[in-house]
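Below: one structure, written as structure tokens.
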Amino acid sequence: MSKTKVIVIGGDAAGMSAASKIRRSHEDWEIVVYEKSPHTSYSACGMPYYIAGKVSSEEDLVARSPETFRDKYNIKAHTFHEVIQVDPPQQKVLVKNLQTEESFWDSYDKLLIATGASPKKPALPAVDSDGVFCLSTLQSGINTFEYIKKHKPKKAVIVGGGYLGVEMAEALLEKGLNVTLIDRNHYIMKTLDQDMSEDICGLMKKKGITLLLSENLTAFEANESGKVTCILTDKRKIEAELVILGMGVTPNSELAKLAGIKLCDTAAIQVNDRMETSAPNVWAAGDCASSYHILKKKHQFIALGTIANKHGLIAGSNMSEETLSFPGVIGTAITKFLELEISRTGLSETEAKALEIDYETATIKSSNFAGYYPESGEIKVKLLVEKGSRRIIGGQIIGQKGSGKRIDCIAACIMGKQTAFDLAMMDLAYVPPLSTVWDPIQIAARRLM
């Protein structure tokens, strides 16, 4: 009897998490990974900090190289190989070697699609000029770093005020660039509510970033050598020697769509709680796949590294014939801008209103640890509960050192269907250098009991 052969399309978080899980469960199975970029298993989330110079080498962002997977784990990881067609009825894929331009078919018993997501890049004049970058793969981060090192730009424009936009604003500011951030919305960080976002905007302006809101990007301009010189919005022209596009991402699901695999209404690949797709013996995981939102009670597209790794573990377990179910997501995320930590989980007020959920909210300000302790700072906590049940359905935190990761406690409460009273009475730790006797999240919870 021939051994089982697994093909994985995509060699980053979800793909390699699944491949590693399969290898731990089945030492004799053949595992082949096709990745179109030069790298496997890297931290895309670390790219802004690499560009800022806080990470000494791009190699530090690589958890395991293709050589490590091949030599230590017997996983055949092929970089510069792109799968260009999937044939589910025949259980085979068409692979293109990007270095030789040759193509070949490879067959599988089990297939995982982990093709990730791609940054949105508007079809505007001169968008492909030198100095205009989208950040997605590790190589894109390396290219941005090398461009800054070589050309030493002084004026940068960031388009988009989401997580990447905020993190790159910090990175470029710390590298001494003059930074302008534009966003088409009337406030940045749209996963937060406006009353929380305003604190971030205030600090960004205080630190010298020009913040232009409710403006739409309309075009780029470049010089005769092809380098970007400015961007145009519907309100003005802005000089720029470097442009970072942080306009969101879209799932790389076209390969699955062309193979007749079902997509959800957000264009991500539709999967069940075992990460199975509509095609037999085909799974999907990571940014290309849908996630069930526990509070919204529907499948949607959420591109986060934490989710991608969990997807990979669940997919790998089920491909290994070990039944595991993915419980779903609530959109927990965290970032920082300089000394300000920013986190959120569950539903925002905007989302709760859209879902017609009857809710109450409380927002408090407190100290991140005992106010008399040196270097204590402010923390702002916002909680949402469902009226009637008093169950916690959302939380947002902005504050100084030690503030952001408190969101995990709120996320645990949401996942465990806890009420405001449950959180207020929770037996949390206290010591003056690290907390207050009533933790700030419990102070907020007390307001909603």
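Considering region 376-410 alone, what residues qualify as being in contact (Cβ under 8 Å) with a residue 24 or more places away in the chain and of a type in the set (D, E, K, R)? LYS380, LYS382, GLU386, LYS387, ARG390, ARG391, LYS401, LYS405, ARG406, ASP408 - these are the residues of region 376-410 that are in contact (Cβ under 8 Å) with a residue 24 or more places away in the chain and of a type in the set (D, E, K, R). Within region 74-113, the set of residues being crowded, with 18+ Cβ neighbours inside 10 Å and either aromatic (Phe, Trp, Tyr) or modelled with pLDDT under 95 (or both) comprises just one member, TYR108. Taking the criterion of being in a helix (DSSP H, G or I), under 30 Å from GLU174 (Cβ atoms) and touching a strand residue (DSSP E or B) at 6+ places or on another chain (Cβ under 9 Å), the only residue of region 1-44 that qualifies is ALA13.
Does region 296-308 contain any residue that is β-branched (Val, Ile, Thr), touching a Lys or Arg at 6+ places or on another chain (Cβ under 9 Å) and either closer than 27 Å to ALA63 by Cα or touching a residue at least 40 places away in the same chain (Cβ under 8 Å) (or both)? No, because not a single residue in region 296-308 is β-branched (Val, Ile, Thr), touching a Lys or Arg at 6+ places or on another chain (Cβ under 9 Å) and either closer than 27 Å to ALA63 by Cα or touching a residue at least 40 places away in the same chain (Cβ under 8 Å) (or both).
What's the number of the only condition in (1) closer than 29 Å to LYS5 by Cα; (2) touching a helix residue (DSSP H, G or I) at 6+ places or on another chain (Cβ under 8 Å) that LYS296 fails to meet? Result: LYS296 fails condition (1) only. All of (1) in contact (Cβ under 8 Å) with a residue 40 or more places away in the chain; (2) surrounded by fewer than 20 Cβ atoms within 10 Å (Cβ to Cβ); (3) touching a strand residue (DSSP E or B) at 6+ places or on another chain (Cβ under 9 Å) hold for PHE326 with one exception: (2).
Quick test for you: out of ASN185, ASN216, ASN143, ASN223, pick the one residue that is surrounded by fewer than 18 Cβ atoms within 10 Å (Cβ to Cβ), without any contact (Cβ under 8 Å) to a residue 60 or more places away in the chain, of a type outside the set (A, V, I, L, M, F, W, C) and within 16 Å of PRO119 (Cβ to Cβ). If you could, list the steps in order and put the result at the bottom.
On the way: ASN185 fails: within 16 Å of PRO119 (Cβ to Cβ); ASN216 fails: within 16 Å of PRO119 (Cβ to Cβ); ASN223 fails: within 16 Å of PRO119 (Cβ to Cβ).
So the residue among ASN185, ASN216, ASN143, ASN223 that is surrounded by fewer than 18 Cβ atoms within 10 Å (Cβ to Cβ), without any contact (Cβ under 8 Å) to a residue 60 or more places away in the chain, of a type outside the set (A, V, I, L, M, F, W, C) and within 16 Å of PRO119 (Cβ to Cβ) is ASN143.
Quick one: which residue in LEU94, LEU112 is outside the structural domain of LEU213 (by TED's automatic domain parsing), outside any loop (DSSP other than H, G, I, E, B) and in contact (Cβ under 8 Å) with a residue 40 or more places away in the chain? Give the steps one after another, and end with the answer.
Values: LEU94 fails: in contact (Cβ under 8 Å) with a residue 40 or more places away in the chain.
Testing whether each residue is outside the structural domain of LEU213 (by TED's automatic domain parsing), outside any loop (DSSP other than H, G, I, E, B) and in contact (Cβ under 8 Å) with a residue 40 or more places away in the chain leaves just LEU112.
To keep it simple, each residue is scored yes or no on (1) free of Cβ contacts under 8 Å to residues at least 60 places away in the same chain; (2) crowded, with 20+ Cβ neighbours inside 10 Å.
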residue: VAL228; (1), (2): no, yes
residue: GLY248; (1), (2): no, no
residue: LEU258; (1), (2): no, no
residue: ILE261; (1), (2): no, yes
residue: ALA268; (1), (2): yes, yes
residue: ARG274; (1), (2): yes, no
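Among what's in region 220-270 and is more than 24 Å from LEU173 (Cα to Cα) and of a type in the set (Gly, Ala, Ser), pick the residue that is farthest from the chain's Cα centre (by Cα). Step by step, filter region 220-270, then rank; the result is SER225.
Among the strands (runs of 3 or more DSSP E) confined to region 262-332, the ones with at least 3 residues that are modelled with pLDDT of 95 or more are located at 282-284, 291-293.
Go through region 1-43 and give me each residue that's farther than 11 Å from LYS110 by Cβ and polar (S, T, N, Q). Hits for region 1-43 are SER2, SER17, SER20, SER25, SER37, THR40, SER41, SER43.
This table checks each residue for (1) closer than 23 Å to GLU239 by Cβ; (2) in the same structural domain as LYS235 (by TED's automatic domain parsing); (3) in contact with a helix residue (DSSP H, G or I) (Cβ under 8 Å, 6 or more places away or on another chain).
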| position | (1), (2), (3) |
| --- | --- |
| PRO125 | yes, yes, no |
| VAL132 | yes, yes, no |
| THR137 | no, yes, yes |
| GLU146 | yes, yes, no |
| GLY161 | yes, yes, no |
| ALA169 | yes, yes, yes |
| ASP183 | yes, yes, yes |
| GLU198 | no, yes, no |
| SER214 | yes, yes, no |
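Out of region 245-272, which residues are in contact with a strand residue (DSSP E or B) (Cβ under 7 Å, 6 or more places away or on another chain) and under 16 Å from HIS299 (Cα atoms)? Answer for region 245-272, where residues must be in contact with a strand residue (DSSP E or B) (Cβ under 7 Å, 6 or more places away or on another chain) and under 16 Å from HIS299 (Cα atoms): THR250, PRO251, SER253, ILE261, LEU263, CYS264, THR266, ALA267, ALA268, ILE269, GLN270, VAL271. Looking only at residues of region 280-294 that are in contact (Cβ under 8 Å) with a residue 60 or more places away in the chain and surrounded by 20 or more Cβ atoms within 10 Å (Cβ to Cβ), we find that the one that is nearest to the chain's Cα centre (by Cα) is ASP287. Restricting region 411-435 to residues that are touching a residue at least 24 places away in the same chain (Cβ under 8 Å) and hydroxyl-bearing (Ser, Thr, Tyr) leaves a set whose member that is nearest to TYR359 (Cα to Cα) is THR419.
The values are calculated or read from the model by the stated rules, or taken from the named source; none is laboratory data. Given the structure is predicted, the values throughout are model-derived calculations rather than measurements. Note that each Cβ is placed from the backbone with ideal geometry, even for glycine, and that neighbours are counted across all protein chains shown.
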